[in-house]
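Throughout, read-outs are computed from the coordinates displayed, never taken from laboratory work. Note that the structure is a prediction, hence the values are computed from the model and not measured. With ideal geometry, Cβ positions are generated from the backbone for all residues, glycine too; neighbour counts draw on all protein chains shown.
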Amino acid sequence: MLEIRSIQKSFGSQTALDRIDLKIQEGEFFSLLGPSGCGKSTLLRILAGLEDATSGEILWKGKRIDQLPARERPFNMVFQKYALFPHLTVSDNIAFGLRLKKVDEREIRERVEEAMALVNLVGFEQRFPETLSGGQQQRVALARALVNRPACVLLDEPLGALDQKLREKMQADLRLLQKRLGLTFIFVTHDQEEAMILSDRVAVMNAGRLEQVSSPRDLFENPQSLFSARFVGGRNEISGVSTKIDIGIQFESSGYQLQGRSICEDLNSKGQGSSVRAFIRPEQVRVMNQASSHETNRLVGEVFQILFRGLRSEVAVRTLDGMIIRSLMDPSQASEFQVGQVVSVEFPISETHLFWAGE
């Protein structure tokens with residue numbers, strides 16, 4: 001197991017990482033997710049030994065490794081720009097680290113062949129990086145990391161330079177390879193969908209702090225902070241003021257009396273009159289010609305936009321005060337509505353997630 005204990009990193013007066021505590025299991029695909037500048041790549045570089053933490057400890061299987069140089073840690077890193085040597089062939093790029101360690105040439109050949117087979121590059125041994133596609137270069141960089149037989153592979157947005165179709169293919173290949181090898185992968189990305197697809201668990205980072213650490217499904221269904229709810233996007237956001245705090249929380253927004261639930265202790269302790277933000281996923285929103293009798297939150301507005309998105313269509317409704325609520329539904333259902341039509345918008349109380357919005 002990898003343990004990260006109270007890691008802090010400062011650059012002058014700027015705090016890049018603020019007391020990061022994490023436990024990552026062996027064989028886990030763990031992603032660090034967040035916007036640019038949140039500290040995720042800095043944390044990865046500290047794990048790799050390419051940066052020194054200002055304070056804190058890193059332990060692997062119970063032993064401290066933060067004081068070890070990079071070459072003595074059981075980790076290897078794959079960079080976003082791959083960092084391949086243009087004057088070396090594919091096989092020589094992969095073998096480079098082994099030759100630095102003065103590994104026997106016969107063993108080098110065996111391990112390079114093994115690594116190339118793992119990433120489906122057999123037959124490319126004598127090619128140079130400039131003759132390879134982006135996906136092939138990414139595979140060379142991955143093989144160069146795997147050839148050292150690390151216990152943990154650190155990946156710093158390695159798919160960021162690929163086009164969408166190739167990126168999707170490499171996501172699937174990467175996940176299959178990780179499961180096959182049983183290695184620990186720590187993956188940095190700013191792409192929430194990528195983190196959801198690949199990961200066993202995800203850590204959401206913001207301004208050098210951890211906002212949430214959970215499974216992809218729990219992150220999607222139960223965001224634990226205002227930032228997580230906003231960053232793991234695609235949600236409707238409604239501003240309001242709390243009017244009653246009980247088992248469920250009542251709030252008022254633009255004259256509507258609505259209800260929701262909160263998993264944040266800070267909101268439950270604020271009391272009436274607190275500014276709140278409510279988040280509702282579009283797939284939980286129903287657009288109807290008339291109100292139903294179910295116990296749901298309900299708004300009234302008119303359809304102002306209908307967008308076809310392949311398997312789903314998006315119907316956007318604007319309330320009288322200008323609030324926009326978006327719903328995802330089957331295209332056949334969306335065809336029942338027209339722009340300008342007055343409709344009822346409903347969403348479950350249990351799926352209305354509330355957060356304190358600050359003073």
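Within a 10 angstrom radius of the beta carbon, how do H353, H87 rank from fewest other beta carbons to most?
Numbers: H353 23, H87 10.
Ascending number of Cβ neighbours within 10 Å: H87, H353.
Would you report the distance distribution of C-alpha pairs in the chain as whole percents per 20 angstrom bin, up to the bin with the largest distance?
Here the calculated profile for the chain is 26, 45, 25, 4.
Which order do peptides 134-140, 52-58 fall in by mean Cβ count within 10 Å, highest first? Could you put the intermediate results ahead of the total?
Details: 134-140: 20.7, 52-58: 15.7.
Highest to lowest by the protection proxy: 134-140, 52-58.
For R45, what charge total do you get from the other residues with a beta carbon under 9 Å from its beta carbon, if Lys and Arg give +1 and Asp and Glu give -1? Let's see the in-between values first.
Values: positive: none; negative: E51, D156.
Summing Lys/Arg as +1 and Asp/Glu as -1 gives -2.
Would you mind putting 177-188, 59-70, 193-204 in packing order, based on average other-beta-carbon counts within 10 Å, highest first?
On the way: 177-188: 18.7, 59-70: 12.8, 193-204: 20.6.
Going by the mean number of other Cβ atoms within 10 Å, highest first, we get 193-204, 177-188, 59-70.
So which lysines can K179 reach, going by Cα to Cα under 27 Å and dropping same-chain residues fewer than 8 places off?
Hits, sequence-local ones excluded: K23, K40, K61, K63, K81, K165, K169.
Excluding M77 itself, what net charge comes from residues whose Cβ is under 15 Å from its Cβ, given Lys and Arg +1 and Asp and Glu -1?
Working: positive: K40, R45, R71, R73, K81, R144, R149; negative: E51, E72, D156, E157.
Summing Lys/Arg as +1 and Asp/Glu as -1 gives +3.
Among G12, S242, L47, pick out the residue whose Cα is farthest towards the positive end of the charge dipole of the chain, where Lys and Arg carry +1 and Asp and Glu carry -1 on C-beta, about the Cα centre.
In the chain, that residue is L47.
Return a whole-number percent for the relative contact order of the chain, with Cα pairs under 8 Å and 6 or more residues apart as the contact set. Before the final figure, lay out each step's value.
On the way: 731 pairs, mean separation 54.8, N = 359.
Computed value for the chain: 15 percent relative contact order.
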